[in-house]
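The values are calculated or read from the model by the stated rules, or taken from the named source; none is laboratory data. The structure presented is a predicted model; accordingly, all values stated were derived computationally and were not measured. Ideal geometry is used to build each Cβ from the backbone, glycine not excepted, and the neighbour counts take in all protein chains shown. For the accessible areas, the whole protein counts, side chains as well, though only heavy atoms, and no ligand, DNA or RNA atoms are used. Shrake-Rupley method; radii C 1.70, N 1.55, O 1.52, S 1.80 Å.
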Amino acid sequence: MSENKTLNQKIEDLETKVEWFYSDEFSLDRATENYKNAIGLAKEIEKDLTELKNKIEVLSEDFSK
């Protein structure tokens with residue numbers, strides 16, 4: 001979906017997707033598709049954050065040696 005984007009860009013995209021649900025552009029016809037896209041993006045962000053956390057833990061272990 002958005003593998004080439006930075007974590008910050010993905011978070012901004014997710015915020016935009018969530019804001020759509022509160023906007024005047026909201027429609028029931030598009031809500032399901034937009035919800036699925038937002039969930040997919042949220043999962044990507046969660047994966048990226050987990051990878052970042054793991055990298056930080058490795059660096060912290062290396063630093064404390």
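So that you can scan it fast, the table gives a plain yes or no per residue for (1) in a helix (DSSP H, G or I); (2) open to solvent by 80 Å² or more (accessible area, probe 1.4 Å); (3) under 18 Å from ASN8 (Cα atoms); (4) out of contact with any Cys (no Cβ under 6 Å at 6 or more places or on another chain):
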{"residue": "ASP24", "(1), (2), (3), (4)": "no, yes, no, yes"}
{"residue": "ASN34", "(1), (2), (3), (4)": "yes, no, no, yes"}
{"residue": "ALA38", "(1), (2), (3), (4)": "yes, no, yes, yes"}
{"residue": "ALA42", "(1), (2), (3), (4)": "yes, no, yes, yes"}
{"residue": "LYS47", "(1), (2), (3), (4)": "yes, yes, yes, yes"}
{"residue": "LYS53", "(1), (2), (3), (4)": "yes, yes, yes, yes"}
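Look through LYS17, LYS65 and report the one residue that is open to solvent by 80 Å² or more (accessible area, probe 1.4 Å) and either of a type in the set (Lys, Arg) or not in a helix (DSSP H, G or I) (or both).
LYS65
Which ones in region 14-38 are closer than 20 Å to ASN4 by Cβ and among the hydrophobic types (A, V, I, L, M, F, W, C)?
Correct list: LEU14, ALA38.
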